[in-house]
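Readers should treat all values here as calculations from the given coordinates under stated rules, not as data from a laboratory. Worth saying up front: this structure is predicted, and the values here are computed from it rather than measured. Here the Cβ positions follow ideal geometry from the backbone for every residue, glycine too, while neighbour counts run over all protein chains shown.
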Amino acid sequence: MERIFDLDFYLSQLEAARQWLADNAVELSISAVAQVIVVVAAFLAARLMAPRVRAALVRVTQGRRLEVPLRQAADAVVPLALPVAWLVLLWVAVLIARQGELRHHLLTIAVSLLAAWVVIRLTASLVRDPVWSRFVTLVAWTIAALNILKLLGPTTALLDSVAITLAGLRISGLTVVQGMLSLAVLLWLATVTSRMLERRITASPKLTPSLQVLTVKLLKIVLVALAIAAALRTVGIDLTAFAVFTGAVGVGIGFGLQKPVANFISGLSILIDKSIKPGDVISVGDTYGWVNSLGARYVSVITRDSTEYLIPNEQLVAQQVVNWSYSNNEVRLKLPVGIAYGADVRRAITLCQEAADETPRVLKEPKPVCLVKGFGDSAVNLELRLWINDPRNGVSNVKSDVFLRLWDKFHEHGIEIPFPQRDLHLRTPSELPLVLRRVAGATQSADLTPAMP
């Protein structure tokens, strides 16, 4: 510790370094020239190899039906054929120099800078998120600078020395950094893999939409769990050390995460029993629309006015849900119709059936049927029953079309549509005194009646 503040110590070290450079100047110059020649020769060889490598990559991408992430990766590598080939040749040169115990500091600098540049270019092409792109760029340049300055080993040793021990588990700064880098890379690979599998699963005609959604969600959960477990294992963390943490999570779920967990379990139940799937037309309370997507916490329902409702999965399990297209898309609609008592009932029934037949969305088979439902206070009650097979396009609009056609036909054929009526009976003035005397007599008789003991 005393040498840190000793000026003579630093002066002696500088003098020793100058003397070493003076004694090894010729050897260093020859080694530097040789390394520069190797770097230039590797570049020329890579330039000769690059067209063939680029053509091979183009043939692979065009000759095979690759997934979108793989095609993007191949398209990003094609322009980098020259620097990648150059980097590979320099790596081989560094390995040979190490085996022969030759000086290779300039080669190491070239490899570090070139590797950082290639990683940054690939990241800019593949990672669209600017935050992740800047993070990878910072990490790549930091590692390259430390490697050039020969500080990578001391830095890792310093990070490893800063550690704490919790329940027999040693956690150091190096462990945290390695874990973060491993987790970031593995999560990115898990995301890319899940997207590729999702496209394959959704394109499969043998799986129902609900089964497709269930399979995709389970695959995402499994891949993310495997990525986290692999990241922990790469840094030497035993998963059994998280047993206490898992118990704490269970207690947290029991107290504070009941609703999210209930929605998640309800979502799995909906997917397993296939009661609701994307594209179904459902009614939940006052909400009528078609299912856009199924999530882990909610179901997205889009109404006819393009309003998107996010309904929690628990409500779909606990409440009554009308699925207009559960078994098939055919839906029967019931339209109440009233006619006057003086109208021709049989003619009105025929006109109702004709109005339904003339509406484009009404199915011809099963045929529309009109029935007499009863005799009301002011009208003969009829009910027109018709079928449609596209409830997603709306129900009220097809009812409106039928009612408009029925309105025109009733007016054309003289069928009266009744309205509520009340009869009011007025007594003549000559009858009023007699009525008043009767009321007064009845009141007097009630007053003279003796009370019951």
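Considering the options 378, 349, 394, tell which one lies farthest towards the positive end of the dipole of segment 331-412, charges being +1 on Lys and Arg and -1 on Asp and Glu at the Cβ, about the Cα centre.
394
Translational diffusion coefficient of segment 275-323 at 20 °C, 1.002 mPa s, Stokes-Einstein with Kirkwood Rh over Cα pairs, in µm²/s as a whole number. List each step's numbers first, then the result.
Details: Rh = 10.5 Å.
In µm²/s, the coefficient is 205.
I'd like the Karplus ³J(HN,Hα) series for segment 399-414: coefficients 6.51, -1.76, 1.60, θ = phi - 60°, whole numbers in Hz, and an x wherever there's a Gly or Pro.
5, 4, 4, 5, 5, 5, 5, 5, 4, 5, 5, 5, 5, 5, 9, x
Residue 394's amide H: which non-local residues (gap 5+, or another chain) put their own amide H closer than 5 Å, with H modeled 1.01 Å from N in plane and none for Pro or chain starts?
Long-range HN contacts for residue 394: none found.
Please list, ordered by chain and number, the residues whose modelled amide H lies under 5 Å from the amide H of residue 373; skip anything fewer than 5 residues away on the same chain.
Residues meeting the criterion, in which the H sits 1.01 Å from N, are 381, 382, 383.
Considering all projection directions equally, how large on average is the shadow of the alpha-carbon convex hull of segment 331-412, in square nanometres?
Details: hull surface 20.6 nm².
Reported value for the Cα convex hull: 5.2 nm².
Using the Cα centre of segment 275-323 as the reference point, and only Cβ charges (+1 on K/R, -1 on D/E), how large is the resulting charge dipole? Debye, rounded to the nearest 20.
120
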